[in-house]
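Q: Input: one structure, supplied below.
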There are 2 protein chains.
Amino acid sequence: MKVVIIGAGIAGLSIGWRLAQAGCAVTVLERARPGGAATWASGGMIAATAERPGMSADENRFALHSAALWPAFASEIEKASGRPVHYARVGTLIAALTAEGYTELSAGITGETRMLTPPETLALEPLLRSDIAGGLWAPGDAMVDNRLVGLALAFAFVGAGGTLNINEAVVRLEVAGNAIAGARTPFALHTADAYVIAAGAWSGEIAGLPPEAIPATLPVKGEMIALLPPGGQALPSRLVWGNSVYLIPRRDRLFIGATVSKEGFDTSTTDAARLFLHSHACALMPDLAKWEIVEQWAGLRPGTPDGLPLIGETAIPGLFVASGQFRNGVLFAPAIAKAICDLVAGQKRLPELEAFRPGRFGPAHLAGGHAVG
Amino acid sequence: MKVVIIGAGIAGLSIGWRLAQAGCAVTVLERARPGGAATWASGGMIAATAERPGMSADENRFALHSAALWPAFASEIEKASGRPVHYARVGTLIAALTAEGYTELSAGITGETRMLTPPETLALEPLLRSDIAGGLWAPGDAMVDNRLVGLALAFAFVGAGGTLNINEAVVRLEVAGNAIAGARTPFALHTADAYVIAAGAWSGEIAGLPPEAIPATLPVKGEMIALLPPGGQALPSRLVWGNSVYLIPRRDRLFIGATVSKEGFDTSTTDAARLFLHSHACALMPDLAKWEIVEQWAGLRPGTPDGLPLIGETAIPGLFVASGQFRNGVLFAPAIAKAICDLVAGQKRLPELEAFRPGRFGPAHLAGGHAVG
């Protein structure tokens, strides 16, 4: 069976790798470089528990399922590629700055989380401001070095026999009747038995599809910064959320994210975002004011009208979508790879994906009025 | 023998690949991604003949030697990586807009080039303005898809047993007496028998070295744009130089380069550069005014005080430099790989590299006053 995948981000490469392992002849077509867009720009959080309050029951079930797949997925990538990806189950500490915030957090408690008193919170993360009101501790959350994952997956995919064409954008999907006749790039018409759009924020931009088959994605820009601690000072050891930012210890530096704005496909960095992220992080951890800002970058999340991902077959048989992950592209990767692999290679029906059906909006989404969760 | 190479651009990966093939245990340390900086931003020209007027005799000899290595080098990369790099000997046409320009070109004629009359010039490249004064034809020049070369070399290098650490910047070279004790990154101290700095425009930025061993590089920014022809219109089929720009047919689009400015490490794109490149290209080929500008990007060339590259051992035994290629990083890659491999693994003396000795400036270059050729 031949499969063409559009996009060599974490989704496209994970799917391609699984399909290649299952014996498919897979070509991934990538307009720039592997793992180079949102996969590179993300924070690499695998925070199914911390993300829970913003998720529907369906999405949360999928998130927990995917988080459970991650440890073996990471080991397998490392083994197949010979490259480290630094998966670590460090947990998320959600810090409450006020008594009201603490009460609100308490309402979201589950079997996997527990509330912490101020001293417990400070014991877990001494950099937090000393008058912290407490926190919620989600020990099951994890992270991975997303920048390393992209290249490692490229090696794993090619090692499994996949073909990775970089710098080759799909400009058009050729439709004949109710089937895809090929993915057209400037250099070739790539034909296959199945096609998967895994092009992140650009998933809705491919010409040629009838309205009902166009993935309902829109780009949601996010900016991040990274701080370097002065010599000798330790990084936080957990994912820390609070005061409208999240903090991610990434090897030698602290990532702080992320802004959310809808500005089309612009990925320039702004003074406003840097100030927002820095001031909010410093209000949470006063010592950070002495740390140096060493990086700032922006990426585009694939948003959808209802904030849920797009995973499954489109109105055109044989055309699948794996997009709309919004801020959960890293978290969802192994579950999406498994789901699309089952759908494409196994032709199974997967009732648990019903809420993520790509065609659930109808063509109306094209008239505008996008919103993200 | 253990070798650490700093930088996974075309130079570092080519050297690493050759050394790994020669049996060395090679680690390439890359602060971002393979082939991601100047290697990605360049135009991929292998234009030893067209570049000749700007080169010294030593540099031209080296350029012709490297250009002659390219066909086999490209084939070997493709074979080792299983990835195409699209080497093509398309030739360079240098167009003269005026009679004075034509006379000037004629002065530079060599055995490998010939002058063309206006009709011959237009026959070779019909997109040129019809009142062209003539041209110089250098049929031996070639090009390669530099964006593809970076990833292909990464696969070739890893396939030959090399270790490629991405997102791991060397922050310091530890010096003990007159030897390198290790390359320090935020995560490890990498020790080796030999070290190679192939960090492009950043080669002079690594802390720890005594002044006499710091590579005398400075960043020289270049901006480029790419135009897409309207449906059906053919690209130029040659490299075309003229009117202060060069034009490179790159698969479906036309690259136009490049500005030259010294602004530190800034890589933002500017309206001024876009207008300069576009207007100069349109004056050369009027039809281009109807083509769409689809890309604009900037990169940093590694310049040096005398415009010649830095290839060889530094004042510290066992510390080598392969940098300062200015605009010839792609052209020089196979010759640099061979030279550094001979020096490092073979411990040979290479008299033909005397003009490129990294220590030729002494520490005075650090006081400023950089210039590039």
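The values are calculated or read from the model by the stated rules, or taken from the named source; none is laboratory data. Source: prediction; values computed, not measured. Glycine gets a Cβ as well: all are built from the backbone with ideal geometry, and neighbour counts include every protein chain shown. What goes into the accessible areas is simple: the full protein's heavy atoms, side chains included, and nothing from ligands, DNA or RNA. Shrake-Rupley method; radii C 1.70, N 1.55, O 1.52, S 1.80 Å.
Q: Which members of region A:295-327 meet the condition of being closer than 14 Å to residue A:357 by Cβ and among the charged types (D, E, K, R)?
A: Answer for region A:295-327, where residues must be closer than 14 Å to residue A:357 by Cβ and among the charged types (D, E, K, R): A:306, A:313.
Q: How many residues are more than 13 Å from every other protein chain (Cβ to nearest Cβ) and among the small types (Gly, Ala, Ser) when one looks only at region B:138-159?
A: Of the residues in that region, 3 qualify.
Q: Only one of B:134, B:101, B:108 is on the phi > 0 side of the Ramachandran plot, more than 14 Å from chain A (Cβ to nearest Cβ) and either touching a Gly at 6+ places or on another chain (Cβ under 8 Å) or open to solvent by less than 40 Å² (accessible area, probe 1.4 Å) (or both); which?
A: Just a single option satisfies the conditions, and that option is B:134.
Q: Another question about this same structure. Quick check on my filter: what residues within region A:68-105 are more than 18 Å from the chain's Cα centre (by Cα), assigned to a loop (DSSP other than H, G, I, E, B) and small (Gly, Ala, Ser)?
A: A:82
Q: Return yes when residue A:154 is among the aliphatic types (A, V, I, L, M), part of a helix (DSSP H, G or I), open to solvent by 40 Å² or more (accessible area, probe 1.4 Å) and within 30 Å of residue B:145 (Cβ to Cβ) and no when it is not.
A: no
Q: Something else: Any idea which of A:13, A:69, A:64, A:19 is at pLDDT 95 or above and within 14 Å of chain B (Cβ to nearest Cβ)?
A: Within the list A:13, A:69, A:64, A:19, the selection yields A:13.
Q: For the condition within 14 Å of another protein chain (Cβ to nearest Cβ), open to solvent by 20 Å² or more (accessible area, probe 1.4 Å), touching a strand residue (DSSP E or B) at 6+ places or on another chain (Cβ under 9 Å) and under 30 Å from residue A:295 (Cβ atoms), what is the one hit in B:37, B:41?
A: Just a single option satisfies the conditions, and that option is B:37.
Q: Please verify whether residue A:329 is of a type outside the set (Ser, Thr, Tyr), within 14 Å of chain B (Cβ to nearest Cβ) and open to solvent by 10 Å² or more (accessible area, probe 1.4 Å), treating the condition exactly as stated.
A: No.
Q: Also: Residues to consider are A:95, A:57, A:63; find the one that is open to solvent by 20 Å² or more (accessible area, probe 1.4 Å) and of a type in the set (Gly, Ala, Ser).
A: So the residue among A:95, A:57, A:63 that is open to solvent by 20 Å² or more (accessible area, probe 1.4 Å) and of a type in the set (Gly, Ala, Ser) is A:57.
Q: Take region A:253-266 and flag every residue that is in contact (Cβ under 8 Å) with a residue 40 or more places away in the chain, more than 12 Å from chain B (Cβ to nearest Cβ) and open to solvent by less than 70 Å² (accessible area, probe 1.4 Å).
A: Scanning region A:253-266 gives A:255, A:257, A:258, A:261, A:264, A:266.
Q: How many residues does region B:118-166 hold that are among the basic types (Lys, Arg) and more than 30 Å from residue B:19 (Cα to Cα)?
A: 1
Q: Another one. Of all residues in region A:281-300, which are surrounded by 15 or more Cβ atoms within 10 Å (Cβ to Cβ) and either free of Cβ contacts under 8 Å to residues at least 60 places away in the same chain or assigned to a helix (DSSP H, G or I) (or both)?
A: A:281, A:282, A:283, A:284, A:288
Q: Any residue at all in region B:249-270 that's more than 23 Å from the chain's Cα centre (by Cα) and in the same structural domain as residue B:236 (by TED's automatic domain parsing)?
A: no
Q: Still on this structure, I have one more. Pick out the one residue from B:255, B:326, B:320 that is in contact with an Asp or Glu (Cβ under 6 Å, 6 or more places away or on another chain) and not in a helix (DSSP H, G or I).
A: B:320
Q: Taking the residues in region A:178-191 that are within 14 Å of chain B (Cβ to nearest Cβ), modelled with pLDDT of 95 or more and open to solvent by 50 Å² or more (accessible area, probe 1.4 Å) as candidates, determine which candidate is nearest to residue B:226 (Cα to Cα).
A: If we take residues in region A:178-191 being within 14 Å of chain B (Cβ to nearest Cβ), modelled with pLDDT of 95 or more and open to solvent by 50 Å² or more (accessible area, probe 1.4 Å), then A:184 is nearest to residue B:226 (Cα to Cα).
Q: Here is a list of conditions, (1) under 21 Å from the mean Cα position of the chain (by Cα); (2) open to solvent by less than 20 Å² (accessible area, probe 1.4 Å); (3) under 24 Å from residue B:48 (Cβ atoms), and residue B:197 meets all of them except one; can you say which number that is?
A: Checking residue B:197 against (1) under 21 Å from the mean Cα position of the chain (by Cα); (2) open to solvent by less than 20 Å² (accessible area, probe 1.4 Å); (3) under 24 Å from residue B:48 (Cβ atoms), the one that fails is (3).
Q: Next question. Residues of region B:276-322 being in contact with a Pro (Cβ under 9 Å, 6 or more places away or on another chain) and aromatic (Phe, Trp, Tyr), which ones?
A: The answer is B:291, B:320.
Quick grid of which residues meet (1) in a strand (DSSP E or B); (2) modelled with pLDDT under 95; (3) among the aliphatic types (A, V, I, L, M):
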site: A:196; (1), (2), (3): yes, no, yes
site: A:215; (1), (2), (3): no, no, no
site: A:219; (1), (2), (3): yes, no, no
site: A:223; (1), (2), (3): yes, no, no
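Q: Being modelled with pLDDT of 95 or more, touching an Asp or Glu at 6+ places or on another chain (Cβ under 6 Å) and small (Gly, Ala, Ser) is the requirement here; does residue B:135 meet it?
A: No.
Q: Inspect all residues belonging to region B:312-326 and state whether any of them is open to solvent by 10 Å² or more (accessible area, probe 1.4 Å), closer than 26 Å to residue B:135 by Cβ and out of contact with any helix residue (DSSP H, G or I) (no Cβ under 6 Å at 6 or more places or on another chain).
A: Taking every residue of region B:312-326 in turn, at least one turns out to be open to solvent by 10 Å² or more (accessible area, probe 1.4 Å), closer than 26 Å to residue B:135 by Cβ and out of contact with any helix residue (DSSP H, G or I) (no Cβ under 6 Å at 6 or more places or on another chain).
Q: Mind counting the residues in region A:66-92 that are open to solvent by 70 Å² or more (accessible area, probe 1.4 Å), in contact (Cβ under 8 Å) with a residue 24 or more places away in the chain and more than 13 Å from residue A:149 (Cα to Cα)?
A: Looking only at that region, the number is 1.
Q: Further question: Any idea how many residues of region A:182-224 are hydrophobic (A, V, I, L, M, F, W, C) and touching a Ser or Thr at 6+ places or on another chain (Cβ under 7 Å)?
A: 6
Q: Something else about it: Does region B:89-104 hold any residues that are over 9 Å from residue B:141 (Cβ atoms) and among the aliphatic types (A, V, I, L, M), and which are they?
A: B:93, B:94, B:95, B:96, B:97, B:99
Q: Also, quick follow-up: Of (1) within 14 Å of chain A (Cβ to nearest Cβ); (2) in contact with a Lys or Arg (Cβ under 7 Å, 6 or more places away or on another chain); (3) modelled with pLDDT of 95 or more, residue B:286 satisfies all except one. Which?
A: Among (1) within 14 Å of chain A (Cβ to nearest Cβ); (2) in contact with a Lys or Arg (Cβ under 7 Å, 6 or more places away or on another chain); (3) modelled with pLDDT of 95 or more, residue B:286 violates only (1).
Q: What are the pairs, 6+ residues apart or on separate chains, where a residue within region B:183-200 that is at negative phi has its Cβ under 9 Å from a residue that is open to solvent by less than 20 Å² (accessible area, probe 1.4 Å) and modelled with pLDDT under 95?
A: What qualifies is B:193/B:344; B:194/B:344; B:196/B:344.
Q: Out of the residues in region B:157-177 that are at pLDDT 95 or above and more than 24 Å from residue A:152 (Cα to Cα), state the one that is most open to solvent (accessible area, probe 1.4 Å).
A: Out of the qualifying residues, it is B:172.
Q: Determine which member of the set B:85, B:170 is within 14 Å of chain A (Cβ to nearest Cβ) and closer than 27 Å to residue B:232 by Cα.
A: B:85
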